[in-house]
Amino acid sequence: MRSRYSAYAKGLVDYIVKTTHPNHPDAKRAEEVRKKEIEEFCRTTVFKGLKILEVQEGEAKGVVLFTAYLFMDGKDFSFTEKSTFEKVLGKWLYLKGELRYAP
């Protein structure tokens with residue numbers, strides 16, 4: 001989770017795409033469109049921090065509850081999410097996210 005947050009903050013679009021599970025709904029969309037959307041999000045967002053609230057790690061699946069502190073156009077856009085990751089060929093990939101609440 002930390003590496004993906006950092007990748008968003010640094011605008012590392014290819015890393016975000018590469019660490020998204022092939023069963024994630026976004027993975028079904030055209031890659032060039034996804035990359036442009038991620039790039040725009042990274043460019044227009046101020047990343048203020050990440051707080052990991054809970055981690056449940058298994059052999060093949062893991063769950064991370066976190067709060068991301070973000071600002072867009074000077075407005076607080078922070079959120080809390082429960083993210084599920086699945087290990088594929090030894091690498092953790094983002095499978096899905098469930099928005100919990102705004103802090």
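The values are calculated or read from the model by the stated rules, or taken from the named source; none is laboratory data. These numbers were taken from a predicted model, which means no experiment stands behind them. Glycine also receives a Cβ, built like all others from the backbone with ideal geometry; neighbour counts cover every protein chain displayed. These area figures cover heavy atoms from the full protein model, side chains too; ligands, DNA and RNA do not enter into them. Shrake-Rupley method; radii C 1.70, N 1.55, O 1.52, S 1.80 Å.
Brief remarks on what is shown
- Summed side-chain charge close to C42 - residues other than C42 whose Cβ falls under 13 Å, Lys, Arg +1, Asp, Glu -1: +2
- Tensor-based shape of segment 20-90 (alpha-carbon gyration tensor, a/c under 1.5 rounded, otherwise prolate or oblate): oblate
- A Cβ-based charge dipole, computed about the Cα centre of segment 1-63 with Lys and Arg at +1 and Asp and Glu at -1, lands at about 180 debye.
- Helical runs assigned H by DSSP (4 residues or longer) give the chain a calculated mean residue ellipticity at 222 nm of -8000 deg cm²/dmol, each run adding -39500 (n - 2.57) before division by the residue total.
- In Å², nearest 10: area of F47 left accessible to a 1.4 Å probe: 40 Å²
- Relative contact order, percent, the chain [alpha-carbon distance under 8 Å, six or more residues apart]: 22 percent
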